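The values are calculated or read from the model by the stated rules, or taken from the named source; none is laboratory data. The shown structure was predicted, so the numbers you read here are calculated from the model rather than taken from an experiment. Using ideal geometry, Cβ is built from the backbone for each residue, glycine included, and neighbour counts are taken over all protein chains shown.
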Amino acid sequence: MTEILLTVFSAALINNLVLHWPLGVDPLLASRGRGQIHALGVATTGLMLTVGTLGYLIDHWLLAPLELTSLRLLAWLPLSVLLIGPLLRLLARWLPGLPFDGLWPLLLGNAGILGVALLSSQDDQGLGHALALSLGGGLGFWLVSSLFDDLRQRTFNNDIPLPFQGLPIQLISAGLMAVAFLGLRGLVKT
């Protein structure tokens, strides 16, 4: 149980998919508004959990016995694309206060979803580890996107030199957040 909690903690904070492995940066820079950030975080976490779990099961029950592990991406990409629509409809029904409209392209362009499936298959430590990695990856994405949106709002009204306005200050901020999250690496010794 401790190992699963450490995996969730590590995937969310220490080995964050957005900051440590630059996966999922595109939706991070494109999303606007506090409501859309939380809707994107919930949808990404749900999609990472679903694709991570089903991807692990497909890999171990279908691809590995047939020795077709080189086709992992070819199996997981359609799986993630086919699950986006039903997941967004289900989440819109469960959480009607969050704006899930227009998140389809952001979820489609999130490389972190396939990255979680690839990382869990690379480690191959069991279904519990794959679930913990998926949950931690989704929660870490949600945390970074919330922090990044707050940082974006704080820099919006400040005097920033013209060459740094817009995307350059966002990328500099993402780099500084990555360095801050890198400081958490000493918390967990393996």
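List of remarks:
- Among the candidates Leu62, Leu87, Leu91, Leu107, residue that is under 29 Å from Ile14 (Cα atoms) and more than 16 Å from the chain's Cα centre (by Cα): Leu91
- Filtered by the rule that a residue be at pLDDT 85 or above and aliphatic (A, V, I, L, M), region 161-176 gives Leu162, Ile169, Ile172, Leu176.
- Being surrounded by 17 or more Cβ atoms within 10 Å (Cβ to Cβ) and of a type outside the set (D, E, K, R) holds for only one residue in Leu131, Leu82, Leu71, and it is Leu131.
- Criterion violated by Gly140 - all others in (1) touching a helix residue (DSSP H, G or I) at 6+ places or on another chain (Cβ under 8 Å); (2) small (Gly, Ala, Ser); (3) surrounded by fewer than 18 Cβ atoms within 10 Å (Cβ to Cβ) satisfied: (3)
- Within region 132-159, the set of residues being modelled with pLDDT under 85 and β-branched (Val, Ile, Thr) comprises just one member, Thr155.
- Search result, residues across region 101-131 that are among the acidic types (Asp, Glu) and at pLDDT 85 or above: Asp101
- Taking region 91-125 as the range and being part of a helix (DSSP H, G or I), out of contact with any Leu (no Cβ under 7 Å at 6 or more places or on another chain), touching a residue at least 24 places away in the same chain (Cβ under 8 Å) and among the aliphatic types (A, V, I, L, M) as the test, the residues that pass are Leu91, Leu108, Ala117, Leu118.
- Taken over region 16-34, the criterion of being farther than 12 Å from Gly112 by Cα and either modelled with pLDDT of 75 or more or of a type in the set (Lys, Arg) (or both) is satisfied by Arg32, Arg34.
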